[in-house]
């Protein structure tokens with residue numbers, strides 16, 4: 001089951017975005033002011049993370065190498081942290097009920113299904129190297145300890161062209177859903 005959810009994880013975001021767009025909510029400048037920085041920060045984090053890994057838009061779990069630099073020095077799953085920030089941004093824009101719905105969907109999708117599937121794969125593929133990394137690096141939310149060491153692991157290795165190539169779809173969807181949601185809320 002986890003492999004199927006992993007394969008169609010993007011569809012879950014599409015369904016979530018569609019549900020927000022058709023739900024009856026009203027516009028709030030205050031919620032929009034909070035949501036836009038969350039959306040931008042989430043997209044920036046995804047862009048940064050994508051520039052450090054070989055390929056991630058796959059239908060099956062795979063990793064040609066263990067990446068522990070860049071944003072991966074701060075959290076093992078920075079792409080999912082970025083997703084969380086963007087989903088929370090849309091939810092804040094749509095209203096408090098959607099924040100609760102998003103939190104539940106995010107927790108089930110990532111914390112109970114996808115991350116455990118990936119961690120099992122990485123542990124089997126990279127053994128002790130991954131286990132040491134897993135013990136020293138939080139899953140999604142960074143810790144503010146060992147800042148100098150983490151900062152040193154952020155240098156080098158970022159490929160801007162690869163990041164743009166891999167993230168242009170995410171950026172397009174983020175902008176499209178945000179614009180549609182803002183227009184829907186503002187004009188309703």
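Quick look at the numbers
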{"read-out": "Ellipticity estimate at 222 nm from DSSP helix runs (n ≥ 4, -39,500 (n - 2.57)) divided over the chain, nearest 500", "value": "-22000 deg cm²/dmol"}
{"read-out": "Cα long-axis angle, helix 9-22 against the chain (0 to 90 degrees, to the nearest 10)", "value": "20"}
{"read-out": "Among (i) 30, 18, 15; (ii) 25, 22, 15; (iii) 48, 22, 16, the entry derived from the coordinates for semi-axes √(5λ) of the Cα gyration tensor in Å", "value": "(i)"}
{"read-out": "Which of 22, 15, 53 has the fewest Cβ neighbours within 10 Å, and the rest in rising order", "value": "22, 15, 53"}
{"read-out": "By average C-beta atoms within 10 angstrom, highest first, the peptides 113-124, 91-102, 76-87", "value": "76-87, 91-102, 113-124"}
{"read-out": "Normalised contact order of segment 39-188, rounded percent, pairs of Cα under 8 Å and 6 or more residues apart", "value": "41"}
{"read-out": "Highest-fluctuation residue, 52, 126, 158 considered, GNM on the chain with Cα pairs under 10 Å", "value": "126"}
{"read-out": "Segment 112-188 and segment 82-97: distance between their alpha carbon centers, rounded to Å", "value": "17"}
{"read-out": "In degrees, nearest ten, helix 29-50 long axis to first principal axis of the chain (Cα)", "value": "30"}
{"read-out": "With Cα atoms, 0 to 90° folded angle of helix 96-106 axis to the chain main axis", "value": "30"}
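Values quoted throughout were computed directly from the atomic coordinates according to the rules given, and no laboratory measurement underlies them. Note that this is a predicted model, so its numbers are computed, not measured. For neighbour counting, all protein chains shown are included, and Cβ atoms are generated from backbone atoms with ideal geometry for every residue, glycine included.
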